[in-house]
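The values are calculated or read from the model by the stated rules, or taken from the named source; none is laboratory data. In this text, all values refer to a predicted model and were calculated from it rather than measured experimentally. Here the Cβ positions follow ideal geometry from the backbone for every residue, glycine too, while neighbour counts run over all protein chains shown. For the accessible areas, the whole protein counts, side chains as well, though only heavy atoms, and no ligand, DNA or RNA atoms are used. Shrake-Rupley method; radii C 1.70, N 1.55, O 1.52, S 1.80 Å.
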Amino acid sequence: MRHGKEESSSSKDQIFDLIAAVRELNGLASRELNKSLKESDNFTIQFKTVKGSLRQIDMERLASSLPLHLIAVLLSPDRDMHMGHVLRGVRLLHTLSDLAIRHARLEQILLDDVKLSEQILDLVFYILIVLAHRKQDKHIGSSPVLHSALVACSLHLLTGYFFIQCRELVFILNAHPKVDIFMDVVFDAMQEDIRILCNKLSELNNEVLCEKFSLRAAERTAHYISQQCEASLQFLLSLCQQKVIRDRVLKHKELCKNGGILLLACMILKLNVPDCFKESFDIVATVSRLKAKILSILLQLCEAESISYLDEVAGSQKTMHLANSVALEFLDSLKNAFRQEAKQLGDSHDKSSRMGLVLLNALRLADIFSDDSNFRSFFMTNTIPVLAEILATPHDEFLSSWCSVNIPMIEEDANLEYDPFTAAGVALCTLSDGCESAQSTPVFLTETNYACPSSFSGIPSVVYAQQRTSYLVKIIANLHVFVPNICEEEEKDLFLNKFHKYMLMEILQLSRYPSSSGIQKATTICKNLSSLAEYARSLTANLLNDEDVHLLSVFSDQLKKLAEPQIGNNLVQALLVKDEGTSDNKDGYVMQQDTQNNGRTAPSLPRKLDANAQDEAPIFNTNDVDAKGRTPEGSLQELDQLKVTSDPTENFETRAEHAKESGFQEDEKAESAQGEEKQPRKRKRNIMNERQIFLIEKALLEEPEMQRNAASLQSWADKLSCQGSEITSSQLKNW
């Protein structure tokens, strides 16, 4: 009996020593801890507790027992009271990982011991599971600063412990039996982080600040949380860039078919910086990079060849609503990025800004959505106001921004050089006297001015300029294309007619005033389209195919003919002025081309053309648009009876808001329609020349089941690419 009590007492002493060691040693940087280890004779470190007593800890025992100790804390009923201790433990594990490469004994325990490696993985999984299900409100949970730091620091434990060991974390994760749970909870934990950030920004926007906290302290707090979110999202992006993990995500029912990724994307794209921080470049840039990174994750999934992400999303009404909401949000981000660029032209002498590739990524996504039959109709309706705004830019500005490689402003991205030790230390400073529970008052960083360093991550300015122009051309080409015998007759010129009607609405709306600004705007649109079509020919060597350029030219010519009754005289004068003023330099275009390999981009994926696009109603009465982008039948002839507003952008914004609000409501009629047999897939347009078509049709006679043979598809894709434009196996399969 006495022996059992002694063991129990000894176990409690060991736990106490472990807790005390974590509290005291987590604050030592690897350099300090390394110095202490060199001075010790038996790998034992002496430290002083809070109460002043001296203790000794065996570092080998600490390293081998710390992961299981932290897991036990997470499994305890009162874990909410000890999340600060968990963060201290994670911080100490980061330090031990840094020390492992300098001390063979630590390396053998931490990096070579398979059992301990599994415990590290389990620890990260448990932390994320707990954080994913913690609702941050007045009664539950700890500091919101603590939550975001725990997510980021625990994720980066994986890089510290596994990149050194086998260089390929993705294969370790993919082989883990709980990898699907990990992928699920990591996105859920990120959703909680973004929800916390959104609430914090909303509070600050409403000026809910205690008098004793300065605006500067609130700014530091918001910036810190946003940077932790960015560090976590950057880690997720790095995983999704690996094919093994990307394919795993695409097969994950909760993330794809149930909309987990779309929900996170929607939350991030809706983030707004409070007016009081509009001049804070740090916060504005970080939030902007968050949006750029989530758009990059969506692009990784949409451009995957193994599984069609948009087809998976279109499988249920709920995820279709979410995808439509995301489309509206990234169109809004595209519009805002374009406006911000125009504003900065006159405000800044610096051509670059590390706010992420929001505009470029949004254009890439718009190219994909406009070319997919699941979303083409909805997207066509809602992208017209955005395209019109871009094309209505004053002609000289449009030439310099969209028809030149020497554009006045470029986007730049940045990769955070995340330091978990420093980040955890800042979060722990918000805990008062060791209390781990939620604070009764708002938590602000009153003294620490934390800023995570970053490194440049971008593309050459010439490549950037050419890519964004090519995506603009592709979007218009995708929406205007018509393939006889595949498309319904009603789809012919559908985009052209809708765009023209929108222009007429603008003319009616603005021409009530003597300036006739509506006519001038329509004239500028036609003039810029003509210039864009001419400049696009210079991009066919690297980024565009001849058919994209041809479709743009046809659209431009047809729109001018339709608009001639309203703007004919203005357009003729504008074009004459252009021809006279720019005859010596090819209409003012910089025709320089990037002939290097890094100027090339992957060809756009072929998408299906929606055979029901003609069911998409006109966009005039935007207040009546439903969550699927459909509007009721209206009179197209009586333009003078249309309800218009004094703000030309309000129609788009009203529709966007209405669609967002109704995005999660179930529509029984829509659900019924969703259950009907889908239209067969249709190729957008011919992607091969006559020689390529002849060869593949001949091959299909001998191998009719080629579509089901991945190896044969890849082989023929390679053969056909030698006979003309590059063809991927997925393009060939869809063809």
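Determine whether segment 224-239 contains at least one residue that is farther than 29 Å from residue 308 by Cβ, under 17 Å from the mean Cα position of the chain (by Cα) and among the hydroxyl-bearing types (Ser, Thr, Tyr). Yes: one or more hits. Quick one: in segment 20-65, which of the residues that are part of a strand (DSSP E or B) and among the basic types (Lys, Arg) is nearest to residue 425 (Cα to Cα)? Residue satisfying both the conditions and the ranking: 48.
Screening segment 506-523 for residues that are under 16 Å from residue 384 (Cβ atoms) and modelled with pLDDT of 85 or more and picking the one that is most open to solvent (accessible area, probe 1.4 Å) gives 521.
What about residue 307, is it open to solvent by 20 Å² or more (accessible area, probe 1.4 Å), assigned to a loop (DSSP other than H, G, I, E, B) and in contact with a helix residue (DSSP H, G or I) (Cβ under 6 Å, 6 or more places away or on another chain)? Outline the logic, then answer.
On the way: open to solvent by 20 Å² or more (accessible area, probe 1.4 Å): yes; assigned to a loop (DSSP other than H, G, I, E, B): yes; in contact with a helix residue (DSSP H, G or I) (Cβ under 6 Å, 6 or more places away or on another chain): yes.
In short, yes.
Checked against (1) assigned to a loop (DSSP other than H, G, I, E, B); (2) closer than 22 Å to residue 296 by Cα; (3) in contact with a Gly (Cβ under 9 Å, 6 or more places away or on another chain), residue 404 passes all but a single condition, namely (2).
Residues that are among the small types (Gly, Ala, Ser) and either touching a strand residue (DSSP E or B) at 6+ places or on another chain (Cβ under 7 Å) or surrounded by fewer than 18 Cβ atoms within 10 Å (Cβ to Cβ) (or both) do not occur anywhere in segment 321-334. In the set 80, 17, 13, only one residue is open to solvent by less than 90 Å² (accessible area, probe 1.4 Å), charged (D, E, K, R), at pLDDT 80 or above and assigned to a helix (DSSP H, G or I); that residue is 80. In the set 362, 342, 292, 337, only one residue is closer than 24 Å to residue 406 by Cα, assigned to a helix (DSSP H, G or I), in contact with a helix residue (DSSP H, G or I) (Cβ under 6 Å, 6 or more places away or on another chain) and open to solvent by 10 Å² or more (accessible area, probe 1.4 Å); that residue is 337.
Of the helices (runs of 4 or more DSSP H) lying entirely inside segment 167-281, those containing at least 3 residues that are open to solvent by less than 60 Å² (accessible area, probe 1.4 Å) and of a type in the set (Val, Ile, Thr) are 179-205, 243-250.
Residue 315 fulfils the conditions (1) surrounded by fewer than 18 Cβ atoms within 10 Å (Cβ to Cβ); (2) part of a helix (DSSP H, G or I); (3) without any contact (Cβ under 8 Å) to a residue 60 or more places away in the chain except for a single criterion, (2).
Collect the residues in segment 37-79 that are polar (S, T, N, Q), under 42 Å from the mean Cα position of the chain (by Cα) and more than 17 Å from residue 116 (Cα to Cα), keeping them in residue-number order. Don't jump to the end; show me each part of the working.
From segment 37-79, those polar (S, T, N, Q) are 40, 42, 44, 46, 49, 53, 56, 64-65, 76; that's our starting set.
Narrowing the set further to residues that are under 42 Å from the mean Cα position of the chain (by Cα) leaves 64-65, 76.
76, the sole residue that qualifies.
Evaluated against (1) open to solvent by 10 Å² or more (accessible area, probe 1.4 Å); (2) closer than 30 Å to residue 532 by Cβ; (3) touching an Asp or Glu at 6+ places or on another chain (Cβ under 9 Å), residue 429 falls short on exactly one condition, (2).
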